[in-house]
Amino acid sequence: MTIQTVTDAIRYVGVDDNTLALFENQYPVQPMGVSYNSYVILDEKIAVMDSVDARAAEEWLSNVARVLEGRSPDYLVVTHMEPDHSGSLMRLAQKYPEMKIVGNAKTFTMIKQFFGTGAFSEDRLLEVGERDTLSLGLHRLRFLLAPMVHWPEVMAAYEEEEKILFSADAFGRFGSLERTARAPWAPQARRYYYNIVGKYGAQVQALLKKISALEIKTICPLHGPMLTEDLGEYLRLYDLWSQWKPEKPEGILIAHASIHGNTAYASEALKSKLEGKGAQVTMCDLTATDLSYAVTSAFYCGKLVLACSTYDGGLFPPMKAFLDHLQTKGFRNRRIGLMENGSWAPAAARLMRAELEKMKELRLCETDVSLRGALNQTSEAQMDALVAELCAE
Ligand SMILES: Cc1cc2nc3c(=O)[nH]c(=O)nc-3n(C[C@H](O)[C@H](O)[C@H](O)COP(=O)(O)O)c2cc1C
Ligand SMILES: [Fe+2]
Ligand SMILES: [Fe+2]
């Protein structure tokens, strides 16, 4: 990735990773890739904003050196200690022994955990707290603590001169800068948000409240593009997402997990019936869709139908995994319909209900569709009743 100019004094020195298969060993990032962002502020003093994943160390160090043109950085600001941003921290610290590490009290606890208590002498650690400032000359960083968005030590930094918010992982998205230069921000930002930050909606709300008082011209996150336009729209979406509000309240997602195909077939039949009533329906085959996408689709819609075969007296595993992931990410505030299948002793509806009871503010439809292997007249009638309930609200 070539070095980019954010403003005259601020350069992007991050690195694209187009070969990683799974981000956090869990979320597929092919073919879009991912970027580990880092920035340099050039002033009387020089600050490097975050490091990158160890996979990208060499390219990053070379980018930083090119921008420095022989000078040495005074500070490395650590807004987030997760290894995708701290994996190369020691490399820079060793290369520039005069450089101080800027973080908050929790950052330094974590630095000692990752790199050992003796990794840095105390005089190399510059501790900052809420609303503290660090002057670089014309530029001045103001720190805003953002605990648990989505790690304990996270903080944002607002550069007052150019009105730039360094937002840590907030407002980040999957997709390397090179491969997704023209891609819209929201689809992969939404997937990043719900899967990685999603559980911590209350903490994101607290951060949004803090930054609402600031005039922001640019948001520089730790993944994905720097945001200069449509900031109001991105803030609006973050506000919605962090309150677990659906983006499409009337939209219905049917998520199905079928062993031999009958439950999938019945899901298609349900879709036709719903569409016949004018509903907007999206399908998700849980046996063929990565969980991170399925979860994102569920958060997007206001209504969710879960359709599942019974499997050894339990739920077919793709459905169980889906419900577990939804629960972990704080899924709530949705209208839910259930469809089960079981050739001899269907139990899936009862078991899905038990899983849903662990989540908040869900409004379950009264009718469950219960299939005995395949669709029959009884289950058709149940389906019609479910359609009526889903379309009534
Ligand atoms: C390994 C396995 C375990 C199953 N366990 C049950 C069960 O415990 N109770 C039941 O009623 N049906 C059970 N079934 C039948 C499925 O629920 C059956 O496949 C389903 O009713 C048909 O829908 P499908 O084509 O969508 O899978 C099982 C099927 C398989 C292959
Ligand atoms: Fe992170
Ligand atoms: Fe990250």
Could you pull out the residue among LEU20, LEU61, LEU76 that is farther than 29 Å from THR296 by Cβ and outside any strand (DSSP E or B)? LEU61
Within region 128-154, residues crowded, with 20+ Cβ neighbours inside 10 Å and either without any contact (Cβ under 8 Å) to a residue 24 or more places away in the chain or on the phi > 0 side of the Ramachandran plot (or both) come out as none
Of all helices (runs of 4 or more DSSP H) completely enclosed by region 236-353, which ones contain at least 2 residues that are farther than 30 Å from MET148 by Cα and either out of contact with any strand residue (DSSP E or B) (no Cβ under 6 Å at 6 or more places or on another chain) or not β-branched (Val, Ile, Thr) (or both)? 262-276
Members of region 15-41 found to be within 17 Å of THR228 (Cα to Cα) and within 12 Å of ligand 3 (Cβ to nearest atom), listed by number: ASN37, SER38
Condition first: touching an Asp or Glu at 6+ places or on another chain (Cβ under 9 Å) and either over 13 Å from PRO187 (Cα atoms) or not hydroxyl-bearing (Ser, Thr, Tyr) (or both). Now tell me which residues in region 295-305 satisfy that. PHE299, CYS301, GLY302, LYS303
If the requirement is being more than 24 Å from ILE259 (Cβ to Cβ), touching a strand residue (DSSP E or B) at 6+ places or on another chain (Cβ under 7 Å) and in a helix (DSSP H, G or I), which of these qualifies: LEU390, LEU362? LEU390
Between a first residue in region 102-124 that is surrounded by 19 or more Cβ atoms within 10 Å (Cβ to Cβ) and a second residue that is assigned to a helix (DSSP H, G or I) and charged (D, E, K, R), which pairs have beta carbons less than 7 Å apart while being 6 or more apart in sequence or on different chains? none
Which listed residue is within 25 Å of the chain's Cα centre (by Cα), over 26 Å from GLN188 (Cβ atoms), more than 16 Å from ligand 2 (Cβ to nearest atom) and modelled with pLDDT of 95 or more, from ARG71, ARG142: ARG142
Among the residues of region 138-174 satisfying the criterion of being outside any strand (DSSP E or B) and more than 27 Å from PHE114 (Cβ to Cβ), which is nearest to ligand 1 (Cβ to nearest atom)? LYS163
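The values are calculated or read from the model by the stated rules, or taken from the named source; none is laboratory data. Every value quoted in this text rests on a predicted model; they were computed, and no experiment measured them. Glycine gets a Cβ as well: all are built from the backbone with ideal geometry, and neighbour counts include every protein chain shown.
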